[in-house]
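Everything on this sheet refers to the single structure shown next.
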Amino acid sequence: MASASGEGSPARVDGDYESLVSTPDVELLKRAWRNEKAAPEILHFQTDLIRRVIGQIQLTEETIEEFSSDGIDPLTVSLYQMDLDRTQYLLRSYLRIRLQKIEKYMFHISNKPEVQSRLSGQEKGFARRCTEDMERHLEEGVLSKLPENYQDILKQSIISEENDMGN
């Protein structure tokens, strides 16, 4: 039992690191997609991974164009296209899940800096615009129809003052 003496731990960690480094980005994206889909709250945005995957998508698109123009076997082109479609689906689905969570929890996100730190710059802008749009909608659609002493959005807070999300 090498792990009982502590000698096996570094090798296992190194092995995990090696398997992580050797894992293709598409597999890492699939893992991030599964984690994001299963998690009840928004996870940290995978900036480096997404950047690499977008680069791979662009490279694959160029390769497909090149193969098509060079008259490479249509089956080979079809396989590359299928792989490209799968990667694009995973990326779109990952981003869509994140946007759905931002829309659903926009007020919680806007009040919690630690949750905001999990978002990309574009997602932060999206969350801010969603919050502003919802506040404007509530002011125009609801608060403007209430008696004057109830028209302040601060009095009619659309978010609970206490933390009801459990923490």
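When the residues of the range 105-138 are filtered to those that are surrounded by 13 or more Cβ atoms within 10 Å (Cβ to Cβ) and basic (Lys, Arg), the one that is nearest to Val53 (Cα to Cα) is Arg118.
A quick yes/no check of all residues on (1) over 30 Å from Gln151 (Cβ atoms); (2) part of a loop (DSSP other than H, G, I, E, B):
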| residue | (1), (2) |
| --- | --- |
| Lys37 | yes, no |
| Arg52 | yes, no |
| Gly55 | yes, no |
| Gln58 | yes, no |
| Ile72 | yes, yes |
| Leu75 | yes, no |
| Ile102 | no, no |
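For Ile153, the conditions (1) more than 15 Å from Lys101 (Cβ to Cβ); (2) modelled with pLDDT of 90 or more; (3) not in a helix (DSSP H, G or I) are fulfilled apart from (2).
In the range 41-79, the residue that is surrounded by the fewest Cβ atoms within 10 Å (Cβ to Cβ) out of those that are among the aliphatic types (A, V, I, L, M) and within 30 Å of Leu119 (Cβ to Cβ) is Leu59.
Collect the residues in the range 26-45 that are more than 18 Å from His108 (Cα to Cα) and either hydrophobic (A, V, I, L, M, F, W, C) or touching a residue at least 40 places away in the same chain (Cβ under 8 Å) (or both), keeping them in residue-number order. Of everything in the range 26-45, those that are more than 18 Å from His108 (Cα to Cα) and either hydrophobic (A, V, I, L, M, F, W, C) or touching a residue at least 40 places away in the same chain (Cβ under 8 Å) (or both) turn out to be Val26, Leu28, Leu29, Lys30, Ala32, Trp33, Lys37, Ala38.
Rundown of residues vs (1) of a type in the set (A, V, I, L, M); (2) at pLDDT 95 or above, yes/no style:
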position: Tyr17; (1), (2): no, no
position: Leu20; (1), (2): yes, no
position: Thr23; (1), (2): no, no
position: Lys30; (1), (2): no, yes
position: Ala38; (1), (2): yes, yes
position: Ile64; (1), (2): yes, no
position: Pro74; (1), (2): no, no
position: Gln88; (1), (2): no, yes
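Pairing residues of the range 78-103 that are more than 22 Å from Pro24 (Cβ to Cβ) with residues that are not in a helix (DSSP H, G or I), at Cβ distances under 6 Å and at least 6 apart in sequence or on separate chains, gives Lys101/Ile42.
For Ala38, the conditions (1) surrounded by 14 or more Cβ atoms within 10 Å (Cβ to Cβ); (2) within 28 Å of Thr131 (Cβ to Cβ); (3) hydrophobic (A, V, I, L, M, F, W, C) all hold with the exception of (1).
The values are calculated or read from the model by the stated rules, or taken from the named source; none is laboratory data. All of these numbers come straight from a predicted model, not from anything done at the bench. Virtual Cβ from ideal backbone geometry, glycine too; neighbours counted across all protein chains shown.
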